[in-house]
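A short write-up of the structure that comes next.
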2 protein chains.
Amino acid sequence: MDISAYMSQLGAQARSASRIIARANTQTKNAALQAIHDAMVAHRSKIIAANTCDVDAGRANDLDPALLDRLQLNDERFDGMLEGLRQVIALPDPIGEMTDFTYRPSGIQLGKMRVPLGVIGIIYESRPNVTLEAASLCLKSGNAAILRGGSEALHSNQAIAMAISAGLVNAGLPASVVQVVETTDRAAVGALITDSEHVDVIVPRGGKGLIERITREARVPVIKHLDGNCHVFIDRDADQAKAGRIALNAKTHRYGVCNAMETLLIDAPIAAKLLPALADAFNSKGVELRGCEKTCAILPTILAATEADWFTEYLAPVLAIKVVNDLSEAIDHINHYGSHHTDVIVTEHYSRGRRFLAEVDSSSVMINASTRFADGFEYGLGAEIGISTDKIHARGPVGLEGLTSQKWIVFGDGQIRQ
Amino acid sequence: MDISAYMSQLGAQARSASRIIARANTQTKNAALQAIHDAMVAHRSKIIAANTCDVDAGRANDLDPALLDRLQLNDERFDGMLEGLRQVIALPDPIGEMTDFTYRPSGIQLGKMRVPLGVIGIIYESRPNVTLEAASLCLKSGNAAILRGGSEALHSNQAIAMAISAGLVNAGLPASVVQVVETTDRAAVGALITDSEHVDVIVPRGGKGLIERITREARVPVIKHLDGNCHVFIDRDADQAKAGRIALNAKTHRYGVCNAMETLLIDAPIAAKLLPALADAFNSKGVELRGCEKTCAILPTILAATEADWFTEYLAPVLAIKVVNDLSEAIDHINHYGSHHTDVIVTEHYSRGRRFLAEVDSSSVMINASTRFADGFEYGLGAEIGISTDKIHARGPVGLEGLTSQKWIVFGDGQIRQ
């Protein structure tokens, strides 16, 4: 198989399909999503069988148990996929929105129209439900998609792709609106991320290694999500009940997620009073604590944190704790060691809260709420294609709007430039 | 000189200055811009002398006359720079705008805050006025800037940089908010565009060769401007007086600009009637015409266009003309051969105008107005750092807002995720 020719053909087909899906109206796009939903239901046993085949192969190949778990499509997860699809149908269509029209001194009337990006390449690892999720978000936002899942999920992804194609065709749209790459050759990824003629943006979903490789090699813009090294800072004027509740939730609600707290910062004047109770609460959840020198002076039984700890996204029941002298030190620590994902201040002090909001350089900045709220569903985006740690284009959870762009519209009556 | 160490030091200084300028209020930023203005006035003769030195050297080195012209800072251009600076002072400050606040079912209140991008690297060619323009736009939008001008303008840029530094320091801001790279070694560009630790976005301004090289080698997101292959389509229901006026203005108002028309598309039913008069008008301006087969049948004296003509941005008094069968063929031609910059339909037909707006995939799409309006000043952006032909982040003219991003803000009362 000539991978380069194959990928270039997928690209050309996607570009051509993108013109058609870009001008499809909301009714047509929703009808296609509903037809995909119905095809998923009709093909359910076939898809589950294909998935079982992937899971068996994964087990035989000693796939990491966490990956094996993510690969598996049980009944509950299948129902979750269908529910997600229905939610995307219910979301408002972002395309065609016209805003900000004003008359300019020349007499032209200027505004903006929201339009699809064009062709979106999604590269992801083992979870096969991403195939349906990504396809439905791209379709609803008027984009064509090229999906490249992990080799360990190939049969599952192909079975889901068949249902998607059936739905698209059923609704009178070309099957090439959503194409799943049918080779596990890694050269296909290289071809996709450098095909700037046919691909407008790449969204990688997976581990840091995958994303770093793609960012390094891509010639197409990438909406990337690196790590989530999130902080909670408990200010001296925090409501201590809120502080305890938020810190515990941010760390222990789920460990393996990017919006979990990884470092707790605590204001010096309240550290001695607050830390023992907090440590007890974390201990009772089995969280390992690693503290700065001042923290260890208050909690002598815990481990000492090293410089590396402040940079680390544990994704595990481990928490670094640092006592800071004041708000300034907290902000500096977060901006230096953090990953600009989600950071929280717990305080009742108006001016310090306001300063934290303005100066912390993260995609989500919160006062008196858990980091765990940084999520497409919690933010009402309906679904998310990813969480961007980039600053340009889309920051934080990326929903339908992140898959669109705005073009300028000019209405005139024959105006010319003088 | 160790270029890599030097650039990394500039980067670190910029990153640190970016934290300070990001939290500077509007008054401080405007005071700094005014102080830079006053320093420019005070250093005027020194800057002009430095420029004369560059121009003399350019002449001695047989610099291309067009580049030599762009390099020159005469009195009129110097006054233009000062006027531009005063306009930037008068622009509203985009930073801190908070929008879209709503309560979510969890009780958190969610919205967005407009924030600077951080550190912006600008790489440009001979025009020294870009130094001041880019510096003032970055400063007003709360960003630190690293500016790398062409080697032929080094003395001019350094003299302007001294005025900028003097102004910044005078207003109590660090001089490193705006740094001009003081080496002409091309390795400095390579270091700048790969320093993703210190630089958030690169804006290249210059020829296609420069921009393609930067896009290829950058590891930092690039807001790029490639070519402007703009079209005017005259629909069968065009007002013919408007059509003639717009076509002539779009081509002949200025030739060497990216928003000039390069191909005229004309609807078949009106081609025979309209083309002779249009050809006369273009001939009288000295514009060379190149036509498709049908055009040449109507205008037998003109050259035949080749396939390459449809892709070409002439930036010169040359115009390609094609007769199309209908709106669909016009849209397909524009989307295939165009550069997605600015395209116009001249029509009085409601539905065809509406379809053109929706389906032409360009950063500016216009009805009954000249392509020449696609410009930061005409759009009221005050000034532009460039015109983006990208689809992500900023599309079309990029003003202050294009140098900003939005972060999510969450206000809570102690909410945790259930």
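The values are calculated or read from the model by the stated rules, or taken from the named source; none is laboratory data. This is a predicted model, so every value here is computed, not measured. A quick note on method: Cβ atoms are made from the backbone with ideal geometry, for glycine too, and the neighbour counts reach across all protein chains shown. Please note that ligands, DNA and RNA were not included when accessible areas were found on the heavy atoms of the full protein model with its side chains. Shrake-Rupley method; radii C 1.70, N 1.55, O 1.52, S 1.80 Å.
Details
- Normalising the Debye intensity of chain A to I(0), with uniform scatterers on Cα atoms only, and taking log10 at q = 0.07, 0.08, 0.11, 0.14 Å⁻¹ returns -0.40, -0.52, -0.90, -1.20.
- Cα gyration tensor shape of the protein assembly as shown, rounded if a/c is under 1.5, else prolate or oblate by comparing a/b with b/c: oblate
- Within the range A:55-131, the GluC sites (Glu not before Pro) that combine a DSSP coil assignment with at most 15 other C-beta atoms in a 10 angstrom radius are A:Glu97.
- Accessible surface calculations at 1.4 Å, restricted to protein heavy atoms, place the range A:1-47 at 48 Å² per residue.
- Between identical copies, the spacing of A:Ser151 label points, each set 7 Å from Cα toward the C-beta atom, reads 4.7 nm from nearest to farthest.
- Counting DSSP beta bridges with both ends in the protein assembly as shown, the antiparallel % (nearest 5): 25
- Residue-normalised convex hull volume from the C-alpha trace of the range A:275-418: 190 Å³ per residue.
- Surface share of carbon and sulfur [accessible, 1.4 angstrom probe, percent] for the protein assembly as shown: 51
- Average accessible surface area per residue within the range B:230-373, 1.4 Å rolling probe, Å²: 36
- Taking the C-alpha atoms only, the angle from helix A:327-337 to the longest principal axis of chain A is near 50 degrees.
- When the helices of chain B are scored as -39500 (n - 2.57) per DSSP H run of n ≥ 4 and the total is divided over every residue, the value at 222 nm lands at -14000 deg cm²/dmol.
- Relative contact order (%) - criterion: Cα under 8 Å, at least six apart; region: chain A: 18
- Under Karplus coefficients 6.51, -1.76 and 1.60, residue-wise ³J(HN,Hα) of the range B:398-409 in Hz, glycine/proline x: 10, x, 4, 4, x, 9, 10, 9, 10, 10, 7, 10
- Rounded to 10°, Cα long-axis angle of helix A:44-60 versus longest principal axis of chain A: 50
- Cα long-axis angle, helix A:350-359 against chain A (0 to 90 degrees, to the nearest 10): 50
- Delta accessible area of at least 50 Å² on complex formation, residues of the range A:376-413, 1.4 Å probe, chain isolated as reference: A:Glu378, A:Tyr379, A:Lys391, A:Ile392, A:His393, A:Arg395, A:Lys407, A:Trp408, A:Val410
- Separation of alpha-carbon centers, the range B:254-320 and the range A:1-65, rounded to whole Å: 45
- Taking both sides together, the accessible area buried where B meets A is about 5900 Å² for a 1.4 Å probe.
- Of the whole protein surface, B:Leu226 contributes about 50 Å² of accessible area at a 1.4 Å probe radius.
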